[in-house]
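Structure first, commentary second.
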Amino acid sequence: MKVQFILMLIVISLSSGCNKNNSHPVPNISFDFSINLTLPSYSALNGVSGWAYVSGGSKGIIVYRRGVDDFVAFDRHSPADINGDCAGPLFPDADNYLELNDTCYNAKFSLYDGSPISGAEIGLRAYQTAWNGNESLRIFN
């Protein structure tokens, strides 16, 4: 009887843990591409705190340069928009460019780390980046 109870607890624990890990509302769309930082459309990324839009992901990607060798990339699809029915993607706040606004659901997210600031419980979908130390930045998942 005790063994059955313990096995039941293990099954419940494992099944609830799996749901939490795979429950991000923004679709995971596979991609792998590189951008050339010497091109005019990405020139803002040549300095720390610069950002630029890139095609890809669910509703586009925003890339932010946090440090000399540190880039982050986030999907512009708001996690507050679970059904994907908001027409517009996230965009930087006019008064505080380190915040991304979702005007459909009145949510805000940090451009620095993708965490929710207000109006949402889940942070932005992040993508991996790899910089070659020169002019090419790879963005992928």
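Just a few scattered comments:
- Residue separation of Asn96 and Phe31 scaled by 0.36 nm, minus their Cα-Cα distance, works out to 20.5 nm of gained length.
- Charge sum, other residues only, whose C-beta stays under 15 Å from Asp113's C-beta, Lys/Arg counted +1 and Asp/Glu -1: +1
- Added length on full extension, which subtracts the Cα-Cα distance from 0.36 nm per residue, Thr103 to Thr38: 20.2 nm
- Hydrodynamic radius (Kirkwood) for the range 24-140, which is based on Cα pairs only, to one decimal in Å: 14.2
- Near the amide H of Phe91, within less than 5 Å, lie the amide hydrogens of Asn101, all on another chain or at least 5 residues away, with H placed in the peptide plane.
- Contact order relative to length of the range 51-122, as percent, for alpha carbon pairs under 8 angstrom and 6 or more apart: 20
- Computed from backbone phi, the HN-Hα couplings of the range 28-39 come to 8, 9, 5, 7, 7, 8, 10, 10, 9, 5, 7, 6 Hz, rounded to whole numbers (Karplus: 6.51 cos²θ - 1.76 cosθ + 1.60, θ = phi - 60°; Gly and Pro given as x).
- Stretched out straight at 0.36 nm per residue, the stretch from Asp113 to Asn132 would grow longer than its current Cα-Cα span by 4.7 nm.
Every number in this text was worked out from the coordinates using simple rules, so none of it is lab data. Keep in mind that this is a model prediction, so the values were computed, not measured. Every residue, glycine as well, gets a Cβ built from its backbone with ideal geometry; the counts of neighbours run over all protein chains shown.
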